[in-house]
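Structure first, then comments.
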Amino acid sequence: MSFLIKLFQSYFLDERPNGAVIADIDLNLNPKITVERLKNHKFTKYEVLNYSTLAFFFTISFFLNQLNIFIKLGIVSLYITSLLIPFTSQFFIYGSPVLAWVAFLFNSKNLDAAFRPPISVKVLPAIETILYGDNLSQLLATSTAPILDILAWLPYGLIHFSFPFVTAALIFLWGPPTALRSFGFAFGYMNLIGVVTQVLFPAAAPWYKILHGLDPANYSMLGSPGGLARIDEILGFDMYTTAFSKTSPVVFGAFPSLHSGSASMDALFLFWLFPKASPIILLYVIWLWWSTMYLTHHYFFDLIAGSFLSFVVFQFTKYNYLPVINYNYKNRWSYGSIIKPNIWNSDPLSLSPEIDVENQVFSSQRAINNVELNVIQRQSRSNIFDDSEITSPALSVFENDSEVPRSFSRASNNSQTSIESQFDMSIPVSASSNLQPGGKSRLD
Amino acid sequence: MSFLNQIPLPNVCPVELILGIAILNKLSGLFGILSIFTGHPLDFIQWLLYITSLLMLPYYFLGASNIRNPKILEHSVILIIYSIDTLTSLGFILWFAGEWFINEDVTAEIKPGEDYSKSASQNYEYGWIFLMTFVINLSRFYFNFILLSFYIKLIKFNKIQGIDYLKIEGDELNLKNKYFWQRWNYKIQIESYKFLERTL
């Protein structure tokens, strides 16, 4: 264990600026701290919109779910508890869009068919042929072989489910602090929008055309594992056939492809995190696209729609919430402060005087408190004559830019920039608990 | 630049999005050409669509990867290619729509005892097919105008900054020591630029 800690300190903490707390994790377990933060937090209109949307989908999912009411209430209590405990809330608050998507995905099958739109069986193959010259799924699935089946199964059936977790871990360790929140937001909302689209525009996948031609569909029809049935034959047990035939949450949810959407979202964040690895990451997306078509689960048009959705959500997130990455820094602990994105700074055709982005420091009281995912109990004195201690709310991914005063100061990797510069520039300062004697929350 | 004259956006954002969507779409050529291995028959028009899609890809990739430092010569080719693509796509769409409606589309038999209450009607299916095709094409034309607008702004920006991009890029390239495809690429860029200079 001590070897691991030494390894962690020698690799991850060796560039850490003195006194920097922004990359730390909140290890506090006291729910009162969260309640205090909540009392002092001023919700922006974007936060209200975000939390209302999530509450809407959680509520629908709650009523659609057919479990015993006490079990459902137990799950809700667990979720609320996870939001109240600072240690868990730092993950669950920003992971809520993902949870809302998963909840709605698995409960949407209980929507009464009477309220559902009619199922299309022709639109996707027709659009595919009109825009891309042929049914590309049919083109790729014309000839099959066991080796191709395995090659298709790897990204579709295995890597797809683990890759978002790997991406999240990479963002957490090597991205700037708070970047993981943006991933949770983008990944969750992209999938949520995707499932809503699937429910509002139910459409049959390529396997349907193979099994039923262009015959009309209805909601009592069973799903199909498509090409994954061959994987069950190869492996010798029922891994997919029953799951896709009888328990599939969205049988007619071909459009858009959330396999493609998820892979694209992972890829876009990894392009941003490791630009030099972009060709390999792009190859993974192309590999997954091929596998979904080869296994007759999606048309190419579905894949494009999924990737397009991811691209739009990612661009929105990148220009509004994703902190600016510094490629000279080694990992998240190298950051002494974070810089919020500014869409207008990205314009290469801007004729306005250049802003020194490198030295644009995120240095307000709230920003200093903005340790990853609500971190540390932050005790600050807003006034030197005021003895009362207050707990500052954390900066949210939905925080309005205008609420965050910015300053320009020297931001050096090895200086105590974000803290010390406040003294230099006479800006009200907050000192986090781990800078004071007796601070307990530091990871190291 | 603004989205539908309502939401102000920096010049680069919509262009980044347009090139990204173009790359996604043109990757279809890769999968089409895989029919060589699968044995799925393709006709001449399909081959033409897939090969031209692949040929456009490098330019879109180049434009997207240099979007923070856009170069006039690169964007002159991109604008011309995208415009040609927009116009020819109309022809391809008409051709393949004919293929679908004549050869692929069938009217399903109504079987007694089956529940068709939640099956899409023919009108519903055709309505969505026409709507989607129309909206996608309309978007393409809109995107084309955005690229044109971006190109004009790029020219103005370079003039204001006093950048002689033809000279700089020519010197940087030092064409004699480059591969033939790089020389050809430069020639195509210069010709595209001259064509746009005459036309716009």
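Per-residue mean of other chain beta-carbon atoms within 10 angstrom of the beta-carbon, peptide B:25-33?
Numbers: counts 7, 0, 8, 11, 2, 4, 13, 7, 1.
So the per-residue partner count for this stretch is 6.
Could you give me the ³J(HN,Hα) list for segment B:14-22, computed from phi with Karplus coefficients 6.51, -1.76, 1.60 and θ = phi - 60°, whole Hz, x at Gly and Pro?
Couplings: x, 5, 4, 5, 4, 5, x, 5, 4 Hz.
Given B:94, B:120, B:145, which one lies farthest toward the positive end of the charge dipole of chain B, if we put +1 on the Cβ of every Lys and Arg and -1 on the Cβ of every Asp and Glu?
Ranked along the dipole, the leading option is B:145.
Note the full-extension length gain between residue B:200 and residue B:122 as 0.36 nm times their separation in residues minus their Cα-Cα distance, in nm to one decimal.
That works out to 23.5 nm of additional length.
I want to check the label-to-label distance for residue A:286 and residue A:5. Put each point 7 Å from Cα in the C-beta direction and report it in nm to one decimal.
4.8
If you count only protein heavy atoms with a 1.4 Å probe, what accessible area per residue comes out for segment A:117-359, rounded to a whole Å²?
That works out to 34 Å² for each residue.
What are the ³J(HN,Hα) couplings of segment A:122-133, residue after residue, when phi is run through the Karplus curve with 6.51, -1.76, 1.60 and θ = phi - 60°? Round to Hz, x for glycine and proline.
So the Karplus estimates, Gly and Pro as x, are 9, 4, 5, x, 5, 5, 4, 5, 5, 8, 10, x Hz.
Set Lys and Arg Cβ to +1 and Asp and Glu Cβ to -1, take the dipole of chain B about its Cα centre, and tell me which of B:81, B:193, B:49 lies farthest positive.
Towards the positive end, the residue furthest out is B:193.
Obtain the nm distance between the two label points defined at residue B:66 and residue B:110 by a simple spin-label model: each point lies 7 Å from its Cα along the Cα-to-C-beta direction.
A separation of 6.1 nm, rounded to one decimal place.
Starting from the Cα of residue A:276, draw a straight line to each of the lysines and keep only those under 22 Å, dropping any in the same chain fewer than 8 residues away.
Straight-line reach from residue A:276, under 22 Å: A:318, A:330, B:71.
What FRET efficiency do you get for residue B:142 and residue A:247 if R0 is 60 Å and r is their Cβ-Cβ distance, rounded to the nearest 0.05?
Efficiency for this residue pair is about 0.90.
Run the quick spin-label model on residue A:77 and residue A:143: label points 7 Å from Cα toward the beta carbon, then report their separation in nm to one decimal.
Between residue A:77 and residue A:143, the label points sit 6.2 nm apart.
Show me the chymotrypsin sites (Phe, Trp or Tyr not before Pro) within segment A:294-346 that DSSP assigns to loop and that have at most 12 other Cβ atoms within 10 Å of their Cβ.
The qualifying sites are A:327.
Compute the Cα gyration tensor for segment A:22-93, then decide on rounded, prolate or oblate, letting a ≥ b ≥ c be the square roots of its eigenvalues: rounded whenever a/c is under 1.5, prolate when a/b is larger than b/c in the other cases, and oblate in all that remain.
Judged from the Cα gyration tensor, segment A:22-93 comes out oblate (a/c at least 1.5, b/c at or above a/b).
Once amide H atoms are placed 1.01 Å from N in the peptide plane, what residues at a sequence separation of 5 or more from residue A:203, or on another chain, have their amide H within under 5 Å of its amide H?
Amide H neighbours of residue A:203, under 5 Å, 5+ apart: A:120, A:253, A:254, A:255.
Among all the lysines, which ones have a C-alpha under 24 Å from residue A:209's C-alpha, if same-chain residues fewer than 8 places away are not counted?
Those lysines meeting the cut-off are A:109, A:122, A:246, B:111, B:118.
So what J values fall out for segment A:11-17 if you push phi through Karplus, 6.51 cos²θ - 1.76 cosθ + 1.60 with θ = phi - 60°, rounded to Hz, Gly and Pro as x?
So the J values, rounded to whole Hz, are 8, 7, 9, 6, 9, 5, x.
How many angstrom separate the Cα center of segment A:77-155 from the Cα center of segment A:248-315?
When both Cα centres are located, 11 Å separates them.
To the nearest 0.05, how large is the calculated FRET efficiency for residue B:90 and residue A:274 if R₀ is 35 Å and r is the Cβ-Cβ distance? Mind dumping the intermediate values first?
Working: r = 40 Å, r/R0 = 1.13.
E between residue B:90 and residue A:274, to the nearest 0.05, is 0.30.
Measure off, as a whole percent, the carbon and sulfur share of the 1.4 Å-probe accessible area of segment A:54-146, all protein chains present.
The computed percentage sits at 76.
Students often check this: by mean Cβ neighbours within 10 Å, which of A:3-13, A:271-281, B:183-193 ranks highest, and how do the rest follow?
So the peptides A:3-13, A:271-281, B:183-193, ranked by packing, come out B:183-193, A:271-281, A:3-13.
The values are calculated or read from the model by the stated rules, or taken from the named source; none is laboratory data. Just so you know, these numbers come straight off a predicted model, no measurement behind them. Heads up, the Cβs are rebuilt from the backbone with ideal geometry, glycines too, and the neighbour counts pull from every protein chain shown. These area figures cover heavy atoms from the full protein model, side chains too; ligands, DNA and RNA do not enter into them. Shrake-Rupley method; radii C 1.70, N 1.55, O 1.52, S 1.80 Å.
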